[in-house]
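Worksheet: the structure to be examined is printed underneath.
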Amino acid sequence: MDDTAALKKTPLHALHLSLGARMVPFAGYDMPVQYPAGVMKEHLHTRAEAGLFDVSHMGQVIVKAKSGSYEDAALALESLVPVDILGLAEGRQRYGFFTDDTGCILDDLMIAHLDDHLFVVVNAACKEADLAHLKAHIGDQCDVTLLDRALIALQGPRAVAVLAELWADVAAMKFMDVRHCRLHDVSCLVSRSGYSGEDGFEISIPSDKAVDVTMRLLEHPDVQAIGLGARDSLRLEAGLCLYGNDIDTTTSPVEAALEWAMQKARRGNGARAGGFPGSGRILSELENGAARRRVGLKPEGKAPVRGHAKLYADAEGKVEIGEVTSGGFGPSVEGPVAMGYVPLSHAAAGTLVYAEVRGKYLPTTVSALPFVTPTYKR
């Protein structure tokens, strides 16, 4: 039996095959991990010019209050996330996460304010659970609809010039702006965001028009198709979390160094403090800190340290202190990079720890994140 038969396909699946992609199962989908150029060249091309990614496996969800009021939709969603959504201006989006009753992370997501409703993008592996979570908790107040649309990301320093050839107004957008527009005469939703550490855009497209718009962008000499392999190395260099690796139901937002994503309005003494699952723990950790922290890690030498490698305080591997959650080779950094959790006692940049790699203990330096300077257009 063909193992790929049970995997879902994005609207761009046939296009990936025609481009010579190597396909792998990812979050229940048959997805391109790399194209003939290979992960290293795809990564460097995105940093230098523009890379195009298929992220259609992610869930695109509309949350609209039954009353028709944006305020009602925002307050309903605020009961599930420690994020200020009421204060989110129209045409803007914000990073956030669903928390559970233990103060840990169920999924991370992007939340946009569009007219009278919210447009939410969730991770592929969590989208069914997220949809059920939304319906169970706020379904009485809001209509929650999973959209059948494609989603692509155009990332890199040339992304704005490329997209401006199809829609000139894109140049005026700032980081985290969201706009409706027509690309190649197709009605699209564009946000100036992404997960590469570069300036760029995510573009939501009707499924039946996805190939047309994507092909139009790929025709540009500066644009190259990029697979999940380079997407992972790009986001790792940018110090961005991957759900299921760096954050999950065992990590709190403060442990994960995501304090920046929780606005003043939802913190202690804020206008709408608490009121989200696990708020007791999260507000306490915002005030007093957590016992461990997600940090950047730079192993010595050229050998990458992978996720799940154990971290030790000593070169003999006697005192285990934490674990690597993501790791690999950073093409732009020209060396191995990783992220993981260590106790606060070992979380300061410059601290030496030891990662276990094939029975040896590799000197690894705690490093500030990100490993590369982001080029977002603020």
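Overview of results
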{"item": "Residues A368 and S79, FRET efficiency given R0 of 30 Å [Cβ-Cβ distance, rounded to 0.05]", "result": "0.30"}
{"item": "Segment D140-W167, extension gain: residue separation times 0.36 nm, minus the distance between their alpha carbons", "result": "5.8 nm"}
{"item": "Gap separating the Cα centres of the range 62-124 and the range 135-189, nearest whole Å", "result": "16 Å"}
{"item": "Candidate aspartates and glutamates - alpha carbon under 14 Å from K298, same-chain residues fewer than 8 apart omitted", "result": "E237, E323, E334, E356"}
{"item": "Solvent exposure of the chain as accessible area per residue, Å², 1.4 Å probe", "result": "41 Å²"}
{"item": "Protein accessible area in the chain, 1.4 Å probe - carbon and sulfur %", "result": "53 percent"}
{"item": "Relative contact order of the range 1-80, pairs being alpha-carbon contacts under 8 Å that are 6 or more residues apart, as %", "result": "21 percent"}
{"item": "Mean separation of Cα contacts under 8 Å (6+ apart) over length of the chain, as relative contact order %", "result": "17 percent"}
{"item": "The range 139-181 residues near the modelled D212 label - backbone nitrogen below 17 Å, point 7 Å along Cα→Cβ", "result": "149-152, 166-167, 181"}
{"item": "Computed FRET value (nearest 0.05) for K9 with K66, which takes r as the C-beta separation and R₀ as 30 Å", "result": "0.30"}
{"item": "Listed residues E255, E320, E78, most fluctuating in the chain (Gaussian network, C-alpha, under 10 Å)", "result": "E320"}
{"item": "Inter-label distance for K174 and R22, nm, one decimal - labels placed 7 Å from Cα along Cα-to-Cβ", "result": "4.3 nm"}
{"item": "Cα-centred dipole magnitude for the range 159-226, charges only on beta-carbon of K, R (+1) and D, E (-1), debye, nearest 20", "result": "180 debye"}
{"item": "Above-threshold pairs, the threshold being 20 Å between Cα atoms, out of K41/K302; K8/K209; K64/K209", "result": "K64/K209"}
{"item": "Dimensions (Å) - the range 1-93, Cα atoms, principal axes, largest first", "result": "49, 41, 21"}
{"item": "Probe 1.4 Å - accessible area at K8, Å² to nearest ten", "result": "100 Å²"}
{"item": "Intensity falloff of the range 247-313 expressed as log10 I(q)/I(0), Debye formula with alpha-carbon point scatterers, at q = 0.12, 0.13, 0.22, 0.23 Å⁻¹", "result": "-0.43, -0.48, -0.96, -1.02"}
{"item": "Ellipsoid semi-axes in whole angstrom, largest first, where each is sqrt(5λ) of the Cα gyration tensor of the range 256-365", "result": "32, 15, 10"}
{"item": "Förster radius 30 Å - calculated FRET efficiency between A129 and H184, Cβ distance, rounded to 0.05", "result": "0.30"}
{"item": "Point-to-point label distance, R378-K360, nm (Cα→Cβ direction, 7 Å offset)", "result": "4.1 nm"}
{"item": "Relative contact order (%) - the range 81-142, alpha-carbon pairs under 8 angstrom, separation at least six", "result": "23 percent"}
{"item": "Inter-site label distance for S345 and V333 at 7 Å from Cα along Cβ, in nm", "result": "2.5 nm"}
{"item": "Most mobile listed residue (A112, A153, A313) in the chain, GNM with C-alpha springs under 10 Å", "result": "A313"}
{"item": "Hydrodynamic radius (Kirkwood) for the range 148-297, which is based on Cα pairs only, to one decimal in Å", "result": "17.8 Å"}
{"item": "With DNA, RNA and ligands ignored, accessible area of M262 (1.4 Å probe; Å², nearest 10)", "result": "10 Å²"}
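The values are calculated or read from the model by the stated rules, or taken from the named source; none is laboratory data. Remember, it's a predicted structure, so these values are computed and weren't measured experimentally. Quick reminder, even Gly has a Cβ in these numbers, built from the backbone with ideal geometry, and neighbours come from all protein chains shown. The area values use the complete protein model at the heavy-atom level, side chains included, leaving out ligands, DNA and RNA. Shrake-Rupley method; radii C 1.70, N 1.55, O 1.52, S 1.80 Å.
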